[in-house]
Amino acid sequence: MMNNTLKAVLLTSMLPFAANAAQELTPWYVGGGVGVNDYEPSCDLKTMKVCGKDDPYAWDVFGGYLFNDYFGVELGYRDLGRGEWTDYANKRNDVGAKGMTLGLVGFMPLSQRWSLSAEAGAMNYLLSNNKQYGTEYYSDSGVAPYFGVGVGYNITENLKLQAKYRRYENLEDDKWNTLDMESNYWGLELSYRFGRTAPAAVVAPVVAAPVDSDNDGVTDDMDQCPNTPSTHQVDGNGCTIYKETTEQRDVGSIQFANNSSVVKNESYQQIEKLANYMNQHPKSTVLISGHASDVGKAEYNMMLSDKRANAVAKILVEKYGIAQDRVEAKGFGITQPIIEGSSPAANKANRRIEAHVTGVKKEALIK
């Protein structure tokens with residue numbers, strides 16, 4: 001007869017397997033289940049006259065070993081619950097079966113989590129009858145075959161829930177020849193497989209050595225200015241570092257007629273060259289200085305020279321689109337003659353404007 005000591009031995013015998021499950025899933029698992037059981041034929045027992053009411057609740061515990069992902073063996077203990085009836089002598093019978101089981105199990109995966117199962121084995125059963133509320137107790141034992149099917153769902157890689165159906169045949173009382181039963185069981189099982197899935201090996205990526213194609217000290221993956229001369233100093237993006245210097249240029253002069261501030265047509269070509277230079281050097285500025293010959297009053301010549309300078313400045317701004325804040329016009333009268341005196345040659349040379357450009361020159365810093 002199965003007692004509590006044997007149940008404890010069955011459960012504790014599985015504990016050493018858990019200690020071996022360190023880094024990956026092991027073939028060992030344990031579990032338990034609950035369900036309902038129906039003995040049959042319901043009204044065809046050898047001494048049964050009146051059908052009674054079953055106490056159908058059943059349970060089991062088990063441990064298993066998987067030979068592979070599809071096939072294994074299970075050892076367990078099952079209590080199939082009890083059934084009641086009143087016999088021909090009007091005596092109450094209370095019959096139940098329980099005992100150790102050993103069977104083979106097979107699994108067929110349907111997806112990553114779902115699977116089907118089938119099992120077949122034998123139950124070393126103890127069949128007992130608490131007749132007349134235990135006053136006429138008798139029992140017998142034997143071996144009964146069983147088979148079953150199930151549907152399983154892996155909650156985690158270790159934990160599986162299954163819905164089970166089992167059929168038990170030939171639960172017989174040979175000693176007293178009073179009982180001959182079969183049984184249908186439906187229930188749920190929860191099992192735990194020891195260990196865990198080993199993590200996949202991580203292959204370290206091959207890192208290529210950084211390349212500096214233009215030898216400027218900045219690798220190609222960071223270089224925003226490829227092909228920089230290796231003699232240049234560069235910033236963190238691989239671009240040449242420049243210094244700016246101020247330079248002044250005298251871009252020539254144009255002459256005016258006597259007592260006039262009207263720009264001659266032939267002078268426009270020189271003004272256009274000045275505008276082109278300033279467009280090519282957007283940080284440059286220009287001072288247009290107006291001058292006059294030493295003929296007449298100095299105050300008048302100062303006004304005339306100012307008008308000459310402003311006339312050229314207006315052409316730069318309005319005709320050639322040079323920004324107003326880059327152009328300065330100023331008259332100097334007779335204070336800065338090219339040729340001293342009032343000779344015809346001196347007067348012709350001094351009736352003029354001069355353009356003085358101040359520009360910013362960029363120079364690469366050398367290592």
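We did not get these values from a lab; they are worked out from the coordinates using the rules stated. All values derive from a computational prediction rather than experimental measurement. Cβ sites come from the backbone with ideal geometry, for glycine too, and all protein chains shown count toward neighbours.
Worth pointing out:
- Karplus (6.51, -1.76, 1.60) ³J(HN,Hα), θ = phi - 60°, over region 64-77, in Hz, Gly and Pro reported as x: x, 9, 9, 6, 7, 6, 10, 8, x, 10, 10, 10, x, 10
- Each peptide among 227-237, 29-39 gets the average number of other Cβ atoms lying within 10 Å of its residues, and from highest to lowest they stand as 29-39, 227-237.
- Taking the average, over residues, of other Cβ atoms within 10 Å as the packing measure, peptides 165-177, 283-295 rank 283-295, 165-177 from highest down.
- In region 242-364, Cα pairs under 8 Å separated by at least six residues give a relative contact order of 44 percent.
- Residues Ile322, Ile338, sorted so that the one with the fewest Cβ neighbours within 10 Å comes first: Ile338, Ile322
- log₁₀ of I(q)/I(0) at q = 0.13, 0.16 Å⁻¹ - region 220-367, Debye sum with one point per alpha carbon: -0.64, -0.83
- Estimated FRET transfer efficiency when R0 is 51 angstrom, pair Glu340-Tyr242 (beta carbons, to 0.05): 0.70
- Reachable lysines, given that their alpha-carbon falls under 23 Å from the alpha-carbon of Lys175 and they are not under 8 places away in the same chain: Lys46, Lys49, Lys91, Lys98, Lys131
- Here the gap between Tyr57 and Arg326, fully extended at 0.36 nm per residue and compared with their Cα-Cα distance, gives a gain of 86.6 nm.
- Label-point separation, Asp220 to Tyr192 (7 Å along Cα→Cβ), nm: 5.7
- Computed across region 121-231, the Kirkwood radius stands at 21.3 Å (inverse of mean 1/r, all Cα pairs).
- Förster-model FRET efficiency, 45 Å R0, Glu157 and Gln280, C-beta, rounded to 0.05: 0.05
- The slack between Lys367 and Asp235, meaning 0.36 nm per residue of separation minus the straight C-alpha distance, is 46.3 nm.
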